[in-house]
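Colleague: Questions regarding the structure given below will be posed in turn.
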Amino acid sequence: MKNSKTIFFTIFIVVFSVGVAKGFYKSVKKSEAITKEILTVLKDNCNCKAVVKTSYLKGVQYSKKNGVTAETVTYQLTDCDFNNFNQEVKCIDNTLREKINGIELLDLITLNFVNNNKRKTVTIKNNCL
């Protein structure tokens, strides 16, 4: 009797673990596709010499500045040509919302603008600029 309970419990744990792993894998793949779409939209719609994804983090993180997040992605936009920084940021935010399905899955999107040794950072948290 004890042996059959142990076998049943072991099978249950294995099936449960496989289900959790499969769900996590699908979630990571979907988020990775979204981050690639964001990169493409940024490259196509920003007049920058270079646009690169510098980091993607999945898992619970905490910082004093950003609070608790589960998924974050950071992009660096180098030598961008624009007249008004705030207007450009609003345009980028609107374009991302219009063109990226599922962007709300990312808790934190950080855009680092680097021009002539100057750096400006914009954070889109929970789909809000």
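The values are calculated or read from the model by the stated rules, or taken from the named source; none is laboratory data. Predicted model only: the values in this text are computed from it and were never measured. No Cβ is skipped: glycine too gets one built from the backbone with ideal geometry, and neighbour counts run over all protein chains shown.
Colleague: How many residues does the stretch 91-110 hold that are in a strand (DSSP E or B) and either surrounded by fewer than 17 Cβ atoms within 10 Å (Cβ to Cβ) or without any contact (Cβ under 8 Å) to a residue 40 or more places away in the chain (or both)?
Modeller: Quick first cut of the stretch 91-110, residues in a strand (DSSP E or B) only: 108-110.
Imposing the further condition that a residue be either surrounded by fewer than 17 Cβ atoms within 10 Å (Cβ to Cβ) or without any contact (Cβ under 8 Å) to a residue 40 or more places away in the chain (or both) reduces the set to 110.
Here the count works out to 1.
Colleague: Regarding the stretch 26-36, can at least one residue be identified that is part of a helix (DSSP H, G or I), modelled with pLDDT under 80 and loosely packed, with under 11 Cβ neighbours inside 10 Å? Break it down into steps so the answer makes sense when it comes.
Modeller: To start, the set of residues in the stretch 26-36 that are part of a helix (DSSP H, G or I) comprises 26-36.
Still in the list and also modelled with pLDDT under 80: 26-31.
Then keep just the ones that are loosely packed, with under 11 Cβ neighbours inside 10 Å; that gives 26, 29.
Yes, some residue in the stretch 26-36 is part of a helix (DSSP H, G or I), modelled with pLDDT under 80 and loosely packed, with under 11 Cβ neighbours inside 10 Å.
Colleague: Counting only residues that are closer than 26 Å to ASN117 by Cα, basic (Lys, Arg) and modelled with pLDDT of 90 or more, which one in the stretch 50-102 is farthest from the chain's Cα centre (by Cα)?
Modeller: LYS90
Colleague: On the given criteria, is THR54 hydroxyl-bearing (Ser, Thr, Tyr), surrounded by fewer than 13 Cβ atoms within 10 Å (Cβ to Cβ) and touching a Ser or Thr at 6+ places or on another chain (Cβ under 9 Å)?
Modeller: Numbers: hydroxyl-bearing (Ser, Thr, Tyr): yes; surrounded by fewer than 13 Cβ atoms within 10 Å (Cβ to Cβ): yes; touching a Ser or Thr at 6+ places or on another chain (Cβ under 9 Å): yes.
The answer is yes for THR54.
Colleague: Taking interchain pairs and intrachain pairs at least six residues apart, which have beta carbon atoms under 8 angstrom, with the first residue in the stretch 26-49 and within 11 Å of TYR75 (Cβ to Cβ) and the second loosely packed, with under 12 Cβ neighbours inside 10 Å?
Modeller: Between residues of the stretch 26-49 that are within 11 Å of TYR75 (Cβ to Cβ) and residues that are loosely packed, with under 12 Cβ neighbours inside 10 Å, the close pairs are CYS48/ASP81.
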